[in-house]
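One structure below.
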Amino acid sequence: TSQKACLKKIIIPVFLMSFVEAPLLWFAQAEIAKRGSYALVGGLSVILTIRYAIQVLPTYFYQAFTPIVTLLNMKGEYREYFNKFKKVSIALALVFVVLFVVLVLTGKFILGIFNEVYISYYQSYVISLFVLLFSLYSVLFKLHMMIREYQTVMFYMTILSSFFFLISFYAFLYFSFDMLNSFFYAQGLQYFIQLIVSVFVYNLDKKWNSV
């Protein structure tokens, strides 16, 4: 019975989530290629590559952070558990502000390393950096959801945010927004929704545990 509950509550939602976000990115890339050009797809790929490179260090940090807070949760040391999240969220904001300034100032140079033609996508690059902030924070608070075994909620959150990504992406295109800007605006909304839901769950848990 416990195995079936684990399968239904944790494994299946995580498995299904893997079939939502990645195909959505491929679909958006195909739509940009169809409506625009392969050069735009190249620009999108370059900006995403830069962003993935920036995310490497936070990803490793989160991997080291997860077992620490997981152990605190298992021990029921909730005050210290939530305190760890608070400290990391503050540190993340401080580091990101410095990193954001550096990346904006050196943005054209970084884009030019790939090809000079990509410098024309500088505005989309800057927008993507704002989206990165939502992404990093949503990942942080989704760690809480995973530790507390809210994978089913995460699945519905992923479906909802992906739906808003699609709707807003086409809405921006309909109103003649730049294609790459449209993609990152829509992705920003997607991550913002995930952040709102995950922070809501986090604060609710914090209240329930009287911290």
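Condition check ((1) in a helix (DSSP H, G or I); (2) among the β-branched types (Val, Ile, Thr); (3) in contact with a Lys or Arg (Cβ under 6 Å, 6 or more places away or on another chain)) across all residues:
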| residue | (1), (2), (3) |
| --- | --- |
| Val126 | yes, yes, no |
| Phe130 | yes, no, no |
| Phe134 | yes, no, no |
| Glu149 | no, no, no |
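Given the structure, is Ile119 without any contact (Cβ under 8 Å) to a residue 60 or more places away in the chain, closer than 17 Å to Leu48 by Cβ and either under 16 Å from the mean Cα position of the chain (by Cα) or surrounded by fewer than 14 Cβ atoms within 10 Å (Cβ to Cβ) (or both)? Step through it out loud before you land on a result.
Details: without any contact (Cβ under 8 Å) to a residue 60 or more places away in the chain: yes; closer than 17 Å to Leu48 by Cβ: yes; either under 16 Å from the mean Cα position of the chain (by Cα) or surrounded by fewer than 14 Cβ atoms within 10 Å (Cβ to Cβ) (or both): no.
Spelling it out, it is not the case that Ile119 is without any contact (Cβ under 8 Å) to a residue 60 or more places away in the chain, closer than 17 Å to Leu48 by Cβ and either under 16 Å from the mean Cα position of the chain (by Cα) or surrounded by fewer than 14 Cβ atoms within 10 Å (Cβ to Cβ) (or both).
Which members of the stretch 163-211 meet the condition of being among the hydroxyl-bearing types (Ser, Thr, Tyr), within 15 Å of Ala28 (Cα to Cα) and open to solvent by 10 Å² or more (accessible area, probe 1.4 Å)? It would help to see each step written out before you state the result.
Step one: filter the stretch 163-211 for residues among the hydroxyl-bearing types (Ser, Thr, Tyr), giving 168, 170, 174, 176, 182, 185, 191, 198, 202, 210.
Of the ones still in play, those that are also within 15 Å of Ala28 (Cα to Cα) are 168, 170, 174, 182, 185.
Result: Ser168, Tyr170, Tyr174, Tyr185.
Could you count how many residues in the stretch 57-67 are aromatic (Phe, Trp, Tyr), surrounded by fewer than 15 Cβ atoms within 10 Å (Cβ to Cβ) and in contact (Cβ under 8 Å) with a residue 40 or more places away in the chain?
Adding up the residues that qualify gives 0.
Going through Thr49, Thr66 one at a time, which residue ends up being assigned to a helix (DSSP H, G or I), within 30 Å of Asp205 (Cβ to Cβ) and either among the hydroxyl-bearing types (Ser, Thr, Tyr) or modelled with pLDDT of 95 or more (or both)?
Numbers: Thr49 fails: within 30 Å of Asp205 (Cβ to Cβ).
Thr66 is the lone residue from the list that is assigned to a helix (DSSP H, G or I), within 30 Å of Asp205 (Cβ to Cβ) and either among the hydroxyl-bearing types (Ser, Thr, Tyr) or modelled with pLDDT of 95 or more (or both).
Go through the stretch 152-162 and count every residue that is among the aromatic types (Phe, Trp, Tyr) and open to solvent by 60 Å² or more (accessible area, probe 1.4 Å).
Here is the first cut: in the stretch 152-162, the ones among the aromatic types (Phe, Trp, Tyr) are 155-156.
With open to solvent by 60 Å² or more (accessible area, probe 1.4 Å) added as a condition, the list becomes 156.
Total satisfying the criteria: 1.
For the stretch 69-92, which residues satisfy the criterion of being of a type outside the set (Lys, Arg), farther than 16 Å from Met145 by Cβ and within 22 Å of the chain's Cα centre (by Cα)?
Answer for the stretch 69-92, where residues must be of a type outside the set (Lys, Arg), farther than 16 Å from Met145 by Cβ and within 22 Å of the chain's Cα centre (by Cα): Ile90, Ala91, Leu92.
Taking Phe85, is it of a type outside the set (D, E, K, R) and at pLDDT below 95? Let's see the steps before the verdict.
On the way: of a type outside the set (D, E, K, R): yes; at pLDDT below 95: no.
Taking the combined requirement at face value, the residue does not satisfy it.
Filter the stretch 79-95 down to the residues that are more than 23 Å from Leu57 (Cβ to Cβ) and in contact (Cβ under 8 Å) with a residue 12 or more places away in the chain, then identify the one that is surrounded by the fewest Cβ atoms within 10 Å (Cβ to Cβ).
If we filter the stretch 79-95 for residues that are more than 23 Å from Leu57 (Cβ to Cβ), which is where we start, we get 79-82.
Checking the rest, the ones that are also in contact (Cβ under 8 Å) with a residue 12 or more places away in the chain come to 79, 81-82.
Details: Arg79: 13, Tyr81: 25, Phe82: 20.
Checking each candidate, the answer is Arg79.
Let's see how each residue does on (1) open to solvent by 30 Å² or more (accessible area, probe 1.4 Å); (2) in contact (Cβ under 8 Å) with a residue 24 or more places away in the chain:
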{"position": "Val46", "(1), (2)": "no, yes"}
{"position": "Gln55", "(1), (2)": "yes, yes"}
{"position": "Val69", "(1), (2)": "no, yes"}
{"position": "Leu72", "(1), (2)": "no, no"}
{"position": "Glu77", "(1), (2)": "yes, no"}
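The values are calculated or read from the model by the stated rules, or taken from the named source; none is laboratory data. Only a predicted model underlies this, so the values are computations on that prediction, with no experimental measurement involved. Glycine also receives a Cβ, built like all others from the backbone with ideal geometry; neighbour counts cover every protein chain displayed. Side chains are part of the model used for accessible areas, which takes the heavy atoms of the whole protein and leaves out ligands, DNA and RNA. Shrake-Rupley method; radii C 1.70, N 1.55, O 1.52, S 1.80 Å.
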